Amino acid sequence: MTGTALLIVAMQQATLSGVVRDSVDLEPIAYAQVTVTATAGEAAAAAGVSDRYGAFVVPGAPGGGAVRVEVAAFGYALWTRTYETPPSEPIRVLLSPAPIGLEGLEVSVAGRAGDPISLSRDAFIIDSVLLRTLPTILETDVLRATAVSPSASAPSD
């Protein structure tokens with residue numbers, strides 16, 4: 001490519017940045033997938049992932065026209081916005097929790113000779129009926145919610 005062609009390609013690209021947070025408690029959401037695509041034309045999509053603080057940077061995003069930004073994270077509803085031009089300022093994304101329903105959890109443990117972890121008494125019995133009634137407003141991670149819920153009890157209780 002010539003210098004002029006490289007300059008034209010560079011002018012047609014933008015860098016999109018921002019932060020992804022939970023819409024309920026404003027906690028940062030790590031590992032959210034951010035995808036930027038042009039709404040018109042054949043420009044390639046650019047993608048990035050948020051870090052543990054919810055921050056993301058998507059270099060090489062399509063520039064010079066309207067773009068569609070999609071943000072997806074496990075346990076949250078898909079967030080989509082269309083901008084007339086790529087935003088030059090960082091964008092704020094608030095994802096709504098959309099928990100994944102589970103029928104129940106079944107934990108099978110078999111001890112192995114000489115394995116100190118398998119001899120541990122830190123196992124839990126989980127009531128699947130009560131698990132279905134857990135409120136999803138405060139915690140979207142089913143394992144974290146189960147660990148602190150009254151439906152989990154040690155087998156020795």
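The values are calculated or read from the model by the stated rules, or taken from the named source; none is laboratory data. All of these numbers come straight from a predicted model, not from anything done at the bench.
Those residues that are of a type in the set (Gly, Ala, Ser) and either modelled with pLDDT of 95 or more or within 17 Å of residue 78 (Cα to Cα) (or both), I need them from the range 11-44; list them, please.
Those that are of a type in the set (Gly, Ala, Ser) and either modelled with pLDDT of 95 or more or within 17 Å of residue 78 (Cα to Cα) (or both): 18, 23, 30, 32.
State the number of residues belonging to the range 78-89 that are of a type outside the set (Asp, Glu), within 16 Å of residue 13 (Cα to Cα) and either at pLDDT 95 or above or in a loop (DSSP other than H, G, I, E, B) (or both).
So the answer is 4.
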